[in-house]
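Worksheet: the structure to be examined is printed underneath.
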Amino acid sequence: MTKTAQRPTDTLEETRDEQSPRPNRRRRILLMVVAGLAILGLAALVLGGGFLNPGAATDPERTMTAVQIIPLVILVVMFVVATKWPLNIGVMGLVASFGVGYFMLGMTDKQILEEFPASIVLTIIGVTYFFSMAQRNGTINIIVQSCVRLVRGKTMLLPWVFFLIAAALTSLGTFSPAAVALLAPAALGFAYESRIHPVVMGAFIINGAHAGGFSPLSVAGVLVHNIAVENGFPISQGALFIASFALNLILSVLTIVLFGLLGKLRDGEGGQLADVDTTSTGRPHGQQILTLVLIGAMLVCTLGFHMPIGFVALSAGLLLAFINIKEHQTFIGGVSWSTVLLVAGMITYVSLLQHVGVIDTLAEQALALGAPLLVALVLCYVIGVGSAFASSTALLTAFIPLAGPLLATSSLSASGTVAALAIAATVVDVSPFSTDGALVVANARDNDRQRVYKQLMMYAGGVVLVAPALAWALLVPTGIM
């Protein structure tokens, strides 16, 4: 669901360099279109009440002041800049919080940082610290190889195996880009060996990563739940997880059907990827056994005793560090500091927007545009299209607060609406312009990378068109959650 890890960002840049000028030109055109739509959408929200309902123009509650417009324009500029260049939007958010809070609003540093998300930051640090060790000591590789051996000879089950492995990793706390980065080399290698279309395999890894990405143990699940609670509409974490898993499972089935109808499930471009090790890994031993035990203990502590996942993961990681103290610095380097900055910066800045009334005013303008169901659908599409090019996490922190007034003035289900927004923001990460999609392209064979890029981009376009509407239709009007 995030696009912030340093290694995936580097891979994304390498992938761009390897593509021809024509796709790069196409990407620039798409970026310009998205930026234009974002600006037009913002103008519609700000001015829509006056255009669509002339009587609303005289209502002072529906008019944005300069103090509200300037921080909002800065937010749009930050998204455009972060989309065009590999800059961390969280750093921009912290700097913008200082600039707006200190110079425009006269706030002190303590007032600016009142809403700094300390608990979420601790969760991110804890889970990435622990799983960096699990990856380095070979535990993740053992899990992957063991699952693959279970379907030996049944190659069309391989995409589902990697779907479930990715879902398991993210449901335990691994970030979706990290899970994709761990699995993509082996998965694409098996795809070429088994003549499975690499786009199918890549889509299944990404869908699996997002299927488990909103579990009560995951950073994204904790993030969405906390934002919802802070904005006055608590949601069910279990329902959010089930909805995300179900929607991504449906998209994976639709992917199989689509490629089957096109006759492309089996790929004629196959061949072995030389650097993939498909040999047996043997049984776990030493640190790997301890790591598996600690993963089980984390599940018991967090699900059974409702202990905070951040502290539990840090404790488990520290125990592993004592076992292998010489490599402790490399484990610290595995913490996703870029995600820490992104979440901290965006939540801090959005809280500042709430302080000056931007969120409430935008929500009022959105409600003035039509029925609550229509507004929810528009929000799903805006966050889905934007997330195909920008950070899913950043967009979630900005858009979920907008749902507060919508939910307060309608009978829409809070859990269903928030789940639809969260799913719409993440399922589009199959785009080759996102970190997850770029990792799939980067792990394709050298002579096949351009084909995978083009076909993944077409597939992502279909997902952007279908997935937000599907999430909305199944979760919002039905009131199933």
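For the stretch 290-307, filtered to residues that are β-branched (Val, Ile, Thr) and farther than 13 Å from Leu319 by Cα, the residue that is least open to solvent (accessible area, probe 1.4 Å) is Thr302. The selection criterion, being of a type outside the set (S, T, N, Q), touching an Asp or Glu at 6+ places or on another chain (Cβ under 7 Å) and either in contact (Cβ under 8 Å) with a residue 12 or more places away in the chain or open to solvent by less than 10 Å² (accessible area, probe 1.4 Å) (or both), holds for Ile206. Name every residue in the stretch 127-160 that is of a type in the set (S, T, N, Q) and open to solvent by 20 Å² or more (accessible area, probe 1.4 Å), in order of residue number. Residues satisfying the conditions are Gln135, Asn137, Asn141, Ser146, Thr155. Val358 falls short on exactly one of the conditions (1) open to solvent by 10 Å² or more (accessible area, probe 1.4 Å); (2) more than 23 Å from the chain's Cα centre (by Cα), and that condition is (1). Checked against the criterion of being open to solvent by 30 Å² or more (accessible area, probe 1.4 Å), farther than 30 Å from Leu182 by Cβ and without any contact (Cβ under 8 Å) to a residue 60 or more places away in the chain, the stretch 427-450 has no qualifying residue. Scanning the stretch 192-242 for residues that are within 13 Å of the chain's Cα centre (by Cα) and over 17 Å from Ile124 (Cβ atoms) returns Ile206, Asn207, Gly208, His210, Ala211. Screening the stretch 192-261 for helices (runs of 4 or more DSSP H) wholly inside it with 1 or more residues that are of a type outside the set (Val, Ile, Thr), more than 30 Å from Val358 (Cβ to Cβ) and in contact with a Ser or Thr (Cβ under 8 Å, 6 or more places away or on another chain) returns the ranges 198-211, 237-261.
From the list Ile423, Ile480, the lone residue that is closer than 25 Å to Asn226 by Cβ and open to solvent by 30 Å² or more (accessible area, probe 1.4 Å) is Ile480. You will find that of Gly357, Gly317, Gly333, Gly345, the residue that is modelled with pLDDT of 80 or more and in contact with a Phe, Trp or Tyr (Cβ under 7 Å, 6 or more places away or on another chain) is Gly317 and no other. So is Thr108 at pLDDT below 85 and either over 12 Å from Thr348 (Cα atoms) or open to solvent by 20 Å² or more (accessible area, probe 1.4 Å) (or both) or not? It is false that Thr108 is at pLDDT below 85 and either over 12 Å from Thr348 (Cα atoms) or open to solvent by 20 Å² or more (accessible area, probe 1.4 Å) (or both).
Here Met458 meets each of (1) within 30 Å of Ser411 (Cα to Cα); (2) surrounded by fewer than 23 Cβ atoms within 10 Å (Cβ to Cβ) with one exception, condition (1). Residues that are at pLDDT below 80, open to solvent by 10 Å² or more (accessible area, probe 1.4 Å) and closer than 27 Å to Thr302 by Cα are absent from the stretch 362-376.
The rows are residues; the columns are (1) farther than 30 Å from Leu292 by Cβ; (2) under 26 Å from the mean Cα position of the chain (by Cα).
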{"position": "Val95", "(1), (2)": "yes, yes"}
{"position": "Gln111", "(1), (2)": "yes, no"}
{"position": "Ile143", "(1), (2)": "no, yes"}
{"position": "Lys154", "(1), (2)": "no, no"}
{"position": "Pro159", "(1), (2)": "no, yes"}
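Of all residues in the stretch 123-166, exactly one satisfies the criterion of being closer than 20 Å to Ser252 by Cα and among the charged types (D, E, K, R), namely Lys154. When you scan the stretch 466-474, do you find a residue that is crowded, with 24+ Cβ neighbours inside 10 Å, part of a helix (DSSP H, G or I), in contact with a Ser or Thr (Cβ under 8 Å, 6 or more places away or on another chain) and on the phi < 0 side of the Ramachandran plot, even just one? The answer is no; no qualifying residue exists. Is it the case that some residue within the stretch 161-180 is modelled with pLDDT of 85 or more, open to solvent by 40 Å² or more (accessible area, probe 1.4 Å) and closer than 30 Å to Gln237 by Cβ? Yes, there is a match, as at least one residue in the stretch 161-180 is modelled with pLDDT of 85 or more, open to solvent by 40 Å² or more (accessible area, probe 1.4 Å) and closer than 30 Å to Gln237 by Cβ.
Restricting to the stretch 112-124, give me the number of residues that are open to solvent by less than 40 Å² (accessible area, probe 1.4 Å) and either on the phi > 0 side of the Ramachandran plot or in a helix (DSSP H, G or I) (or both).
Number of matching residues: 5.
The set of residues in the stretch 244-286 that are within 30 Å of the chain's Cα centre (by Cα), among the acidic types (Asp, Glu) and at pLDDT below 70 comprises Asp275, Asp277. Just checking, how many residues over the stretch 226-243 are of a type outside the set (Gly, Ala, Ser), modelled with pLDDT of 85 or more and buried (at least 19 other Cβ atoms within 10 Å of the Cβ)? Looking only at that region, the number is 5. Within the stretch 306-353, which residues are in contact with a helix residue (DSSP H, G or I) (Cβ under 7 Å, 6 or more places away or on another chain) and without any contact (Cβ under 8 Å) to a residue 24 or more places away in the chain? Listed by number, the residues that qualify are Met307, His328. Taken over the stretch 138-160, the criterion of being assigned to a loop (DSSP other than H, G, I, E, B) and either modelled with pLDDT of 75 or more or at negative phi (or both) is satisfied by Gly138, Leu150, Val151, Arg152, Lys154.
The values are calculated or read from the model by the stated rules, or taken from the named source; none is laboratory data. Bear in mind the structure is a predicted one, so any value in this text is a computation, not a measurement. Reconstructed Cβ throughout: ideal geometry from the backbone, glycine too, with neighbour counts over all protein chains shown. What goes into the accessible areas is simple: the full protein's heavy atoms, side chains included, and nothing from ligands, DNA or RNA. Shrake-Rupley method; radii C 1.70, N 1.55, O 1.52, S 1.80 Å.
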